[in-house]
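Read-outs: derived from the displayed coordinates by stated rules, not from any lab. These numbers were taken from a predicted model, which means no experiment stands behind them. Note that we place each Cβ from the backbone using ideal geometry, even for glycine, and neighbour counts take in every protein chain shown.
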Amino acid sequence: MSTTPARPIRAGRLARLTAALAVLALGLAGCGGGDDGADPAPSASSGGSFPVTVEHKYGSTEITKAPTRVVTLGLSDQDPVLALGVVPVGAIDWFLERPYGKWPWAQPLWGSTPPEIVGERDDYNLEKIAALRPDLIIGLYSGMTQEQYQKLSQLAPTVAQPKGYADYAAPWQEMTRSAGRALGKPEQADKLIADVDARFAKARQEHPGFAGRTVAVVDPYEAGKYAVFAPSDPKVVFMTQLGFTVPQTIVQAAGKEYAAEIGSERLDLVDVDKLLFLTSDASAEPRVKADKVYATLEVAKQNRAVFLPYENPPLGGALSFSTVLSVPYALDQILPLLGDG
């Protein structure tokens, strides 16, 4: 086997890779999105004691009363807000795909009131946001700048990224807690988190064979090229919460990056007990199985690899989205595919 070292995926390349995968994973068949000028139905928030103060990346924000018109600006912020019983009046788009309307774990909670689209990714339309008359703006899973925060704060109390985390790096638990504090529902947020933790505990109890088994989560994004995700990536965290472990060789290969980029010659890195491939199209699985180096691995010979599509059904999408709503969906859908470890 070649000793060619794996290369960590640098920020720019990883961003391009992630964007490309998201375009494929978030393909949307067209959900209406509040572009007709109609005034969206107000959010609903009740319970909790106000005023509350929420700390975040740019300081702290006081919210004096229960919000009734909430705008979410993070790419996945709508999920914890919906889980807490609040329907945002405005949300952000990703790639003009209206992802808020696609995911099966969130669709029922939107009901018949899709949000107004107030920007794409971190490009916010202040005029649209102002027109919604928000009384709370949340930008947790975002790259909101301080300048944007200051402008948004002139429109309504604004909660930026969680304090102490890099942009887009806060775990779903912290995003849920931040949303709970902002909405005056901290106890409900804690219960949601505890319920998911209990689901993982039950899964570990019912599948003791997962404990200590090695795992790798990989995206075969091109022929002969693979992204091996680091232990800090939410998709890998999901697996380690089930009891699996990540080999030290993968930890070293990824370094401080989110993933290591390897060629076929370094597939020895992923010759593990359970290998998850996240696939963006139907050609990925046969392409991987046709890789002559992959065919030599024990994980391939013993059929210990699982291929999970990003969509149809959105198994990889649920792992990647990693929210208080998508994680339980992923548990329901993926556990039966893992066998006993």
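For Leu331, neighbours were defined as the other residues whose beta-carbon sits under 12 Å from its Cβ, and their charges (Lys and Arg +1, Asp and Glu -1) total -1. Here the Karplus curve 6.51 cos²θ - 1.76 cosθ + 1.60, taken at θ = phi - 60°, turns the phi angles of the range 189-202 into couplings of 5, 4, 5, 4, 5, 4, 5, 5, 4, 5, 5, 5, 4, 5 Hz, with x standing for Gly and Pro. Packing-based ranking of 171-181, 264-274 yields 171-181, 264-274, ordered from highest to lowest mean Cβ neighbour count within 10 Å.
Scalar couplings 3J(HN,Hα) for the range 81-89, obtained by applying the Karplus form with A = 6.51, B = -1.76, C = 1.60 to θ = phi - 60°, are 5, 4, 4, 8, x, 10, 9, x, 8 Hz; x denotes Gly and Pro. Other residues within the sphere of radius under 11 Å centred on the Cβ of Asn125, judged by their own Cβ, net out at -4 (K and R +1, D and E -1). Rounded to whole numbers, the Karplus 3J(HN,Hα) couplings from phi for the range 147-159 are 4, 5, 4, 5, 5, 5, 5, 6, 8, 5, x, 10, 10 Hz, using 6.51 cos²θ - 1.76 cosθ + 1.60 with θ = phi - 60°, and x at Gly and Pro.
Within the range 207-334, DSSP assigns beta bridges of which about 45% are antiparallel (rounded to the nearest 5).
FRET efficiency for the pair Gln107 and Gln248, taken as 1/(1 + (r/R0)^6) with r the Cβ-Cβ distance and R0 = 41 Å, rounds to 0.50. Taken about its Cα centre, the range 207-334 carries a charge dipole of roughly 240 debye when the Cβ of each Lys and Arg holds +1 and the Cβ of each Asp and Glu holds -1. Distance from the C-alpha centroid of the range 269-283 to that of the range 178-194: 35 Å, rounded to the whole angstrom.
Electrostatic tally near Val71: other residues with Cβ closer than 11 Å to its Cβ, Lys and Arg +1, Asp and Glu -1, net 0.
Using the average count of surrounding beta-carbon atoms within 10 Å as a protection proxy, the listed peptides 304-317, 287-300 rank, highest first, as 304-317, 287-300.
Under 5 Å from the amide H of Asp77 lie the amide H atoms of Tyr141, each residue being 5 or more positions distant or on a separate chain, with H modelled from the backbone and absent for Pro and chain starts.
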